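Chemist: To start, I am sharing the structure in question, which I have written as structure tokens.
Just so it is clear, none of the values below were taken in a lab; they were calculated from the coordinates. For clarity, every value in this text was computed on a predicted model and none was experimentally measured.
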Amino acid sequence: MILYNCIPLTLLNNILFFNADLEEWVQLIISCYPLRETGVPGSCKVEVVRDINHLEKPLLLSLFQKQRSSNDVSAAVSEISSTASSTQALVSFSPSQMILAKLIAVAVGYCWKELSEDDWHFVLDNSLKWIESSVLMMEEMAEKIDELVMSYTSNSNLELTAEKLELAVLALDPVVINISSTALLVLSLFSQLIELQEIDGIEVLQSIKLGRWAQIEVRVMENILRLFFATGVAEAIASSCGDESSSIVASSRIAYSQFWGRVASFVINSPKHVKNTAVKSIELWGLSKGPISSLYAILFSSKPIPSLQFAAYRLISTEPLCHFSLLKKNFLVENITATEDSSLNNFESSSEDPLSLVDEISFLIKKPAASLLEMELVSQDRVCLCYSCNLTIYFIPWDCYVCLH
């Protein structure tokens with residue numbers, strides 16, 4: 001095994017740039033250093049699968065650092081080119097970028113104690129760049145869907161609209177999503193590492209934790225929340241044209257369930273101030289649907305991903321949204337950042353303006369009892385009903401709950 005791993009590593013250490021002929025070799029090397037995710041979304045851990053010996057580690061580290069150096073030069077040239085260009089097209093990545101992302105993940109997993117400060121800057125900067133690219137792509141898709149749905153009328157051809165929705169979804173670049181998925185894995189591993197007591201004796205990691213990471217952590221979390229809301233709002237908007245249209249958007253996530261699972265983990269652990277910013281941003285975005293609709297679209301999706309459903313439930317049922325997401329009321333964005341004294345107990349109701357549940361919840365909990373008995377125990381309808389009941393029972397004060405009936 002040592003010989004098998006070290007020979008290709010030694011050869012590739014003499015190469016500065018990846019090319020098509022070398023990609024299979026690099027893929028082979030990366031496959032020798034697997035990483036494993038364990039646990040559930042919100043408390044997932046990334047682990048190395050095997051021990052790395054004293055011959056492999058310096059070779060692997062050297063390969064990573066040489067690619068970092070060559071990539072820094074390439075990035076500088078690309079930045080000059082993009083600055084000179086007036087186009088604002090989305091970033092597209094070559095397969096070599098996918099290999100670089102995987103190499104970064106392997107280096108962080110197996111050589112994290114040996115990485116220099118420049119290495120860590122490279123890791124974090126590229127991870128942020130890759131995630132931002134997927135955010136731009138996902139938000140562009142949501143805007144295209146909004147344009148299609150807003151132009152749809154009762155006289156429009158529903159089949160043609162569905163075809164256009166499919167084209168908007170198919171425009172998503174799988175390379176960008178897969179690279180971003182690897183970036184999320186790297187950030188999960190990094191977040192896990194900086195919580196270890198062991199880093200107290202590693203000055204480089206302490207410096208990165210207090211320096212570069214402190215500068216970009218909020219940006220990283222905000223971008224991940226933007227990803228989450230973008231896919232939710234796209235499905236919510238598409239649902240205006242019917243279940244088939246919303247299913248087109250929901251189905252597009254299934255092929256990238258690992259990516260969305262990693263997104264969900266970050267969303268579940270996101271701090272309150274980041275949630276505030278994300279909710280305000282989606283409101284100010286000006287699409288035909290807002291943050292509450294996007295969360296319910298994910299929670300009650302026709303093609304659900306359980307980790308995303310749980311993340312949506314957590315956002316709906318915690319600050320700042322739990323006081324504003326269950327009842328039909330019009331709230332300004334500023335209400336989301338109101339003081340903690342603001343709650344459902346402060347709502348005023350009258351015979352002219354009774355309190356009523358949002359349509360997504362009301363539709364489910366008012367189902368006839370006979371239909372409930374016909375549901376399978378693990379059916380999607382029953383899961384959605386459980387979420388609905390939990391929200392209404394645990395997050396609406398009793399005096400307001402009485403008003404609903």
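Chemist: What pairs from LYS144/LYS272; LYS113/LYS280; LYS66/LYS303; LYS66/LYS275; LYS45/LYS144; LYS209/LYS303 go past 32 Å between their alpha carbons?
Modeler: Checking Cα-Cα distances, LYS113/LYS280; LYS66/LYS303; LYS66/LYS275; LYS45/LYS144; LYS209/LYS303 exceed 32 Å.
Chemist: For the stretch 134-278, treating each Cα as an identical point scatterer without solvent, what Debye log10 I(q)/I(0) comes out at q = 0.14, 0.17, 0.19, 0.20 1/Å?
Modeler: Taken in order of the listed q values, log10 I(q)/I(0) reads -0.72, -0.95, -1.10, -1.18.
Chemist: Under 1.5 on a/c is rounded, so check that first for the stretch 220-331, then, if it is not, pick prolate when a/b is larger than b/c and oblate when it is not; a ≥ b ≥ c are the square roots of the alpha carbon gyration tensor eigenvalues.
Modeler: In terms of gyration-tensor shape, oblate.
Chemist: Hey, another quick one. In whole Hz and in residue order, list the ³J(HN,Hα) couplings for the stretch 136-143 that follow from phi through the Karplus curve 6.51 cos²θ - 1.76 cosθ + 1.60, θ = phi - 60°; x for Gly and Pro.
Modeler: Running phi through 6.51 cos²θ - 1.76 cosθ + 1.60 with θ = phi - 60° gives 4, 5, 5, 6, 5, 4, 4, 5 Hz.
Chemist: What percentages make up the Cα-Cα pair-distance distribution of the stretch 99-197 when the bins are 10 Å wide from 0?
Modeler: 14, 34, 21, 15, 11, 4, 0
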